[in-house]
RNA sequence: GCCCCGUUCGUCUAGUGGCCUAGGACGCCAGGUUCUCAACCUGGUAACACGGGUUCGAAUCCCGUACGGGGUACCA
């Protein structure tokens, strides 16, 4: 029997990174076992039953490359089936009608304005084997009769969940630990239907620095936010896979396809994991570096177009293309790109205050240094090595090594102390006139 | 409150009774890279929550304590 797993998100208008991780682990399980990955949209809550919310969800999954084999199946379309099960429970005594005061009402058919509660058996032990946590046990005395049907005529989550899992013959339910306490109720529901139990695997939660479940109010939780910050989908998948699971050989950076080969849900660990943006950035920069130039050019497009800090007519694609060779290895995210090249496409460099203060703190020295440099640049060959030699010589006159001597020039030209290799940039992408103009502008500001 | 789950370097993890004076990665720190660094290279720092058992031997098994988290809705 091939495993059948599902990702069953509630459409909230964005994909939460925790949900994305759950989707990923289901996908990994299906792909690594030859199973079927099913997408089911849990939109039983009327407010969430909106097509555009679902659309966004599908797009994010698509962006991550998590393709599904069946679905999307909409839970809201199964209303009749859910009603049928609840009706049967009413008839066979597994559930009862209940009014707005939570009082039991006699009757064996659904009534408008009445909710339905599942009857909890007394002192019954319920245990199951979780693939991640091992044996987990509950006692029904700690559980209450719970609502399975709302008075507005719609099914509750647990009921819909149980019925759909049974009908879709889900073999493995892989989801977040926050759903662990709901399992005994679902198992009871399944038993009442005479359906089989799926195998459960509860993944550790993703937490923030306060060790609390990632929340959308405090934390950056939308996958789309990371996309907009310039993270690559394969880096996102790679990083998410590392939260709660580790490759047996310790090689952390590897493609989704390679992860599929070595993934095992039994190796998932139990403790909550902190979503560490710094490590994510490290992984992203690694993927960025390994991109072919062609691929990089394509992916960076959104960051150098309309959104860029320069006006479109000043942008020069050829210069940019040359700059890519110099900066690709330095980027942590795609959104870092503009600030490494913006000075080429702006009338004036955008001067960073801290950089200016740091390199121009002795205006006398900086001025004479820049004067020497400007003089020697007036009439020289416009080549990387020549420019570098000239700056080295200018530095010697004020008793500074190249490392220090290039700093004021770098800030005058680019506006920042950090950037692409300076001499190459000037030689390949700037004219003598532009460079001299910026040097003199900087000297005037001293 | 009650129920459930968890606890290895700051962080993510390896470790399934001897190979552990606990390994890797990120971060951090130091040095290197005769152009910067937020890039790259090398090195370093740093952890088995605590207390009892079991065992010749425990990070690994059992019990308890502490701490953390999740659940306990006519949300999902």
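For the reader, a short list of remarks on this structure follows.
- One residue stands out in segment A:260-271 among those that are part of a loop (DSSP other than H, G, I, E, B) and in contact with a helix residue (DSSP H, G or I) (Cβ under 8 Å, 6 or more places away or on another chain): the one that is farthest from RNA strand B (Cβ to nearest atom), namely A:263.
- Criterion (outside the structural domain of residue A:311 (by TED's automatic domain parsing) and free of Cβ contacts under 8 Å to residues at least 12 places away in the same chain) met by exactly one of A:388, A:397, A:357, A:393: A:357
- Selection within segment A:56-87 - free of Cβ contacts under 8 Å to residues at least 24 places away in the same chain and either within 16 Å of RNA strand B (Cβ to nearest atom) or surrounded by 15 or more Cβ atoms within 10 Å (Cβ to Cβ) (or both): A:58, A:77, A:87
Let's see how each residue does on (1) at pLDDT below 95; (2) assigned to a helix (DSSP H, G or I):
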residue	(1), (2)
A:2	yes, no
A:14	yes, no
A:23	no, yes
A:29	no, yes
A:38	no, no
A:54	yes, yes
A:72	yes, no
A:84	no, yes
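- Taking residues in segment A:248-263 that are under 14 Å from residue A:235 (Cβ atoms), and partners anywhere that are near RNA strand B (Cβ under 8 Å from one of its atoms), the pairs with Cβ atoms closer than 8 Å and at least 6 places apart or on different chains are A:252/A:242; A:252/A:246; A:252/A:283; A:253/A:283; A:253/A:286; A:254/A:247; A:259/A:247.
- Residue A:217, sole failed condition from (1) crowded, with 20+ Cβ neighbours inside 10 Å; (2) outside any helix (DSSP H, G or I); (3) away from RNA strand B (no atom under 12 Å from the Cβ): (1)
- Odd one out for residue A:161, checked against (1) in contact (Cβ under 8 Å) with a residue 60 or more places away in the chain; (2) in contact with a strand residue (DSSP E or B) (Cβ under 8 Å, 6 or more places away or on another chain); (3) within 8 Å of RNA strand B (Cβ to nearest atom): (2)
- Of the helices (runs of 4 or more DSSP H) contained entirely in segment A:329-446, those carrying at least 1 residues that are buried (at least 16 other Cβ atoms within 10 Å of the Cβ) and more than 43 Å from the chain's Cα centre (by Cα) fall at A:363-377, A:384-397, A:432-445.
- Among the residues making up segment A:138-157, those that are part of a strand (DSSP E or B) and more than 6 Å from RNA strand B (Cβ to nearest atom) are A:139, A:146, A:148, A:149, A:155.
The values are calculated or read from the model by the stated rules, or taken from the named source; none is laboratory data. The model shown is predicted, which means the values in this text are computed figures rather than measured ones. Neighbour counts are summed over all protein chains in view; Cβ atoms, including those assigned to glycine, are modelled from backbone coordinates with ideal geometry.
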